[in-house]
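First comes the structure, then the notes that go with it.
Only the coordinates and a few stated rules stand behind these numbers; no lab work does. All of these numbers come straight from a predicted model, not from anything done at the bench. Ideal geometry is used to build each Cβ from the backbone, glycine not excepted, and the neighbour counts take in all protein chains shown.
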Amino acid sequence: MKTKFQTPTGMHDILPIDYKYYEKVLETGKEVAEFYNFQRIETPILEMSELFEKGTGETTDIVQKQMYSLKTRGGDALTLRPEGTPPAVRLYLEHGMFNYPQPVKLWYYGPFFRYEKPQAGRYRQFWQMGLEVIGEKNSIIDAQTIQIYYNILKELKLNNLIVEVNCIGDQLCRPHYRKTLASYLRSKDSNLCADCKRRIKENPLRILDCKDEKCQAVKAHAPQMIDHLCEECKHHFKEVLEYLDEIGLPYRLNPYLVRGLDYYTRTVFEIFQEGKEGQAQTALGGGGRYDYLIKLLGGKETPAMGGSLGVDRVVQAMKEAQITMDNEKKVKVFLAQLGYLGKKKSLKLFEDLRRANIQVGESFDRDSLKSQLKIADKYGAQLTLFLGQKEALEGTVLIRNMETGRQETVKLENAVVEIKKRLKK
Ligand code: AMP
């Protein structure tokens, strides 16, 4: 039915049936992250716009086209966070975490906002679970970060996972490569899409990422970063790959993987499920090293590595794989009541059961015993409790074993103890 009010374009509700999946992703992410000694943080949903303009980068699609920005009544320019890394770095700097033992390992979960063209797996409000390791330059961290994401997805029982990795160089080698690439692209200028023509000057690496068919053909013959790495980057990347080999993680090199953000250096990665249509839209997560971002945002030069999982896409993949959630709380006891007096007493009994941590089902709006018993059956309750006029006046409750049909009357004040005695584990 078309109702008057609907979710804004590109945004979606999470219904109870899906929330179980979201919770599962959060619980699993938390468990895995905590095993690797990550600590949880929460940053505001709004940040100063400049944090992203500077951090995410002026030439990125996010900053140029996708930010939800606003002016507050006081005149502050704020933006709904489009990604989690600049806020995490801001938090690290603002709270002096550079004085903590390094590296500082942080994780977060929450909604993010990008004004994108809505399509399958691409929303304007979406959820991410992110990890950041700040203050460690060793390549082992690159490999372990990738592994953590892989482990979370594996724990969630997703199969056919494949990690794509690339090295996009550093301040030493990338500028040379940029020039080489730009001059190649200029020679093919007429074969590029309008966006990419503009990108030649601003950010030629992004062309490697372009999904336009014409640009894909141009990029197939483009010079590759991997052939232009400086010695240190080459060495770093070789180590990352050796670590990945060592842990037996399925990966492949993708020389065109550059990722959309400006701050990445050296290792970048994305995780996919093999054999899915339109892979570009289906990265379940991604990230990379960002050794210059902390300095760019006002700190000392500090190496770092991080990434994030797209929770909506992970949930979608779990549903497609027909992974079922059986974490539903099992109703063990159904509370049936009749008449005003019975209802009155049952409300108190309901609370006693809650304190005793016994999951109770009820149907306060039904007055017929028959319809309440039907619901108790549907719940699969082990016991049904009856509280009618008679029981309420006598201060008792009737306990019915749903399997055997046996009924016993017990004192209301002893109800919880008596129920516990009769409940199967
Ligand atoms: P990014 O750092 O932009 O690659 O985002 C990391 C992950 O978040 C992606 O691999 C996606 O799984 C997810 N993601 C990014 N943008 C969106 C979006 N607009 N809608 C849904 N998921 C997204």
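With Rg and the Kirkwood Rh both taken from Cα atoms, where does Rg over Rh land for segment 156-268? Kindly include the intermediate steps, with their values, before the conclusion.
Numbers: Rg = 15.2 Å, Rh = 15.0 Å.
Checking Rg against Rh, the ratio lands at 1.01.
Please name whichever of G74, P111, G84 sits farthest to the positive end of the charge dipole of segment 36-141, dipole taken about the Cα centre and charges placed at Cβ: Lys and Arg +1, Asp and Glu -1.
Value computed over the given set: P111.
What does segment 141-182 give for Rg and for Dmax, in Å, if only its C-alpha atoms count?
Final numbers for Rg and Dmax: 15.7, 44 Å.
Given charges of +1 on the Cβ of Lys and Arg and -1 on the Cβ of Asp and Glu, with all other atoms neutral, how large is the dipole of the chain about its Cα centre, in debye to the nearest 20? Each step should come with its number before you reach the end.
Working: 66 positive and 57 negative charges, 295 e Å.
So the magnitude is around 1420 debye.
In the neighborhood of L91, defined by Cβ-to-Cβ distances under 11 Å, what is the net charge if each Lys or Arg adds +1 and each Asp or Glu adds -1?
On the way: positive: R90; negative: E42, E47, E94, E132.
Computed value for this residue: -3.
Return the calculated 222 nm mean residue ellipticity for the chain, to the nearest 500 deg cm²/dmol, obtained by summing -39500 (n - 2.57) across DSSP H runs with n ≥ 4 and dividing by the residue count. Before the final figure, lay out the partial values.
Working: 14 runs with 156 residues, N = 425.
Roughly -11000 deg cm²/dmol at 222 nm, from the helical runs in the chain.
In nm, give the distance between the simple-model label positions of E213 and E58, each being 7 Å from the Cα along the Cα-to-Cβ direction.
That separation, rounded to one decimal, is 3.6 nm.
Which aspartates and glutamates, on any chain, are close to K411 with Cα under 12 Å apart, when same-chain ones fewer than 8 places away are left out?
By straight Cα distance, K411 reaches E391, E394.
Simple spin-label model, 7 Å along Cα-to-Cβ: N414 to A194 in nm?
8.3
Can you tell me the equivalent ellipsoid semi-axes for the chain? Use √(5λ) from the Cα gyration tensor, largest first, whole Å. Display every interim value, and only then the final one.
On the way: eigenvalues 604, 102, 92 Å².
Whole-Å semi-axes of the equivalent ellipsoid: 55, 23, 21.
Over segment 260-412, what portion of Cα pair distances is larger than 22 Å, expressed as a whole percent? Show your work: numbers first, answer last.
On the way: 7104 of 11628 pairs.
Percent of Cα pairs beyond 22 Å in segment 260-412: 61.
How large is the direction-averaged shadow of the alpha-carbon convex hull of segment 228-315, in nm²?
Dividing the Cα hull surface by four gives the mean projection, 7.3 nm².
Just list whichever of K343/K370; K154/K238; K234/K300; K179/K201; K197/K219; K330/K374 have alpha carbons separated by over 19 Å in the model shown. Walk me through the intermediate numbers first.
Numbers: K343/K370 16 Å; K154/K238 25 Å; K234/K300 25 Å; K179/K201 10 Å; K197/K219 13 Å; K330/K374 17 Å.
K154/K238; K234/K300, as the Cα separations exceed 19 Å there.
If the label point is 7 Å along Cα→Cβ of Y340, which residues in segment 374-396 have backbone nitrogen under 20 Å from it?
Answer for this model: 387-396.
When Rg is the radius of gyration of the Cα atoms in segment 275-357 and Rh is its Kirkwood radius, what does Rg/Rh come to? Mind showing how you got there, number by number?
Values: Rg = 25.8 Å, Rh = 18.8 Å.
That ratio equals 1.37.
Could you grab the relative contact order for the chain? Cα pairs under 8 Å, six or more apart, rounded to a whole percent. Mind dumping the intermediate values first?
Working: 725 pairs, mean separation 65.0, N = 425.
So the answer I get is 15 percent.
Can you give the extra length, in nm with one decimal, that the chain gains between I226 and K378 once fully stretched, where that is 0.36 nm per residue apart less the Cα-Cα distance?
On the way: separation 152, 0.36 × 152 = 54.72 nm, distance 6.10 nm.
Going from the current span to full extension adds 48.6 nm.
Which aspartates and glutamates have a Cα lying under 19 Å from the Cα of K295, excluding residues fewer than 8 positions away in the same chain?
E47, E50, E53, E58, E83, E94, E132, E136, D170, D262
Under a Cβ-Cβ cut-off of 10 Å, what is the net charge of the residues other than R40 that fall near it, where Lys and Arg count +1 and Asp and Glu count -1?
Working: positive: K30; negative: E34, E42.
With Lys, Arg at +1 and Asp, Glu at -1, the neighbours total -1.
For every other residue with a beta carbon closer than 15 angstrom to the beta carbon of L156, add +1 if it is Lys or Arg and -1 if Asp or Glu, then tell me the sum.
Values: positive: K20, K24, K30, K154, K157, R313, K319; negative: D18, E23, E27, E31, E155, D312, E320, D326.
Value of the local net charge: -1.
Taking every pair of distinct Cα atoms and averaging 1/r, then inverting, what Kirkwood hydrodynamic radius in Å comes out for segment 327-378?
Final number for the Kirkwood radius of segment 327-378 is 11.5 Å.
I need the calculated FRET efficiency for the pair L423 and H95, taking r as the beta carbon distance and R₀ as 60 Å, to the nearest 0.05. Please list the in-between numbers first.
Values: r = 48 Å, r/R0 = 0.80.
Once rounded, the FRET efficiency stands at 0.80.
I need the Debye-formula profile for segment 353-425: one equal scatterer per C-alpha, no solvent, reported as log10 I(q)/I(0) at q = 0.21, 0.23 1/Å, two decimals.
-1.02, -1.23
Tell me the Kirkwood radius of segment 1-159: reciprocal of the mean inverse pair distance over distinct alpha-carbon atoms, in Å. Don't skip to the answer; put the middle values down first.
Numbers: mean 1/r = 0.0568 Å⁻¹.
In segment 1-159 this quantity evaluates to 17.6 Å.
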